[in-house]
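Working notes, beginning with the structure itself.
The values are calculated or read from the model by the stated rules, or taken from the named source; none is laboratory data. What you see is a predicted model; the values in this text were computed from it and never measured. Backbone-built Cβ (ideal geometry, glycine too); neighbour counts: all protein chains shown. All accessible areas refer to the heavy atoms of the entire protein, side chains included, with ligands and DNA or RNA removed. Shrake-Rupley method; radii C 1.70, N 1.55, O 1.52, S 1.80 Å.
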Amino acid sequence: KELLQMKFNILMEQKKYADALGFVNAEIKKNGESQELLAAKFNILFSWEKYPDALEVALKKDKISGAKSPWDAINIAQTYIRLHLKEEALDALYQAARRGFISYRILTGENFSFLRQEPKFYEIIEMMKVNVGLGNPAKDFNARLISGEEFTLSSMKGKVILIDFMSSWCEPCKNDIKLLNELFQNYKDKGFDIIAISL
């Protein structure tokens, strides 16, 4: 399985989309249409700019998926955007938000500029903010610190706390470290602190 994944990655890196598609189609013929293979096929077709075909595959993957993933809806939305189908893209983005998509920061990227003139786009962003709980007090939680001590968020009451959920493999997370350090240095004497939770 790892060798097959490596072969797929190499073909994609070399932009040999026809070869990658042939490879994935052969795997589908041999093993059936799994979510994993349909995801690979979508990535090929989208990267190859075969948007109508990519959309068909994304919709099929979403249909056979038991747990409806917000990322499937995001892929569908991005494909509709490439096809210049604004209403369909907004509907797919709405589905992503309903399924729990909360990374509205992604929507500030160039890929979604096509939708920025639409009021519904901002309604969806507001829905995501509500879903993530922005504007509400954070729910109390306990965690074990690197030092081994127990930490309880409620013990920080009265301070302004930025809770950063991050991962060591996440490039945007790594890029944010410099900014977070600057924020901490500028505001630590005014009751500001940062809690980083590694996912």
Scanning the stretch 156-168 for residues that are charged (D, E, K, R) and open to solvent by less than 40 Å² (accessible area, probe 1.4 Å) gives D164
Filter the stretch 1-36 for residues that are among the polar types (S, T, N, Q) and touching a residue at least 12 places away in the same chain (Cβ under 8 Å); the one that is most open to solvent (accessible area, probe 1.4 Å) is Q35
The residue that is modelled with the lowest pLDDT, considering only those in the stretch 169-185 that are farther than 20 Å from I106 by Cβ, within 28 Å of the chain's Cα centre (by Cα) and loosely packed, with under 12 Cβ neighbours inside 10 Å, is K178
- Restrict the check to the stretch 32-48 and report whether at least one residue is at negative phi and touching a Leu at 6+ places or on another chain (Cβ under 6 Å). yes
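Residue-by-condition table, conditions (1) aromatic (F, W, Y); (2) open to solvent by 50 Å² or more (accessible area, probe 1.4 Å):
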site: F42; (1), (2): yes, no
site: D53; (1), (2): no, yes
site: V57; (1), (2): no, no
site: K61; (1), (2): no, no
site: S65; (1), (2): no, no
site: S69; (1), (2): no, no
site: A73; (1), (2): no, no
site: K86; (1), (2): no, yes
site: R99; (1), (2): no, yes
Those residues of the stretch 51-74 which are more than 17 Å from L93 (Cβ to Cβ), free of Cβ contacts under 8 Å to residues at least 24 places away in the same chain and not aliphatic (A, V, I, L, M) amount to D53, E56, K63, G66
Among residues of the stretch 135-158 being in contact with a helix residue (DSSP H, G or I) (Cβ under 9 Å, 6 or more places away or on another chain) and not charged (D, E, K, R), the residue nearest to E87 (Cα to Cα) is G135
Residues in the stretch 106-116 that are in contact (Cβ under 8 Å) with a residue 24 or more places away in the chain and surrounded by 17 or more Cβ atoms within 10 Å (Cβ to Cβ) total 3
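Quick grid of which residues meet (1) at pLDDT below 90; (2) open to solvent by 70 Å² or more (accessible area, probe 1.4 Å); (3) in contact with a Gly (Cβ under 8 Å, 6 or more places away or on another chain):
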{"site": "E118", "(1), (2), (3)": "no, no, no"}
{"site": "V130", "(1), (2), (3)": "yes, yes, no"}
{"site": "K139", "(1), (2), (3)": "yes, yes, yes"}
{"site": "I146", "(1), (2), (3)": "yes, yes, no"}
{"site": "S154", "(1), (2), (3)": "no, no, no"}
{"site": "Y187", "(1), (2), (3)": "no, yes, no"}
{"site": "K190", "(1), (2), (3)": "no, yes, no"}
{"site": "S198", "(1), (2), (3)": "yes, yes, no"}
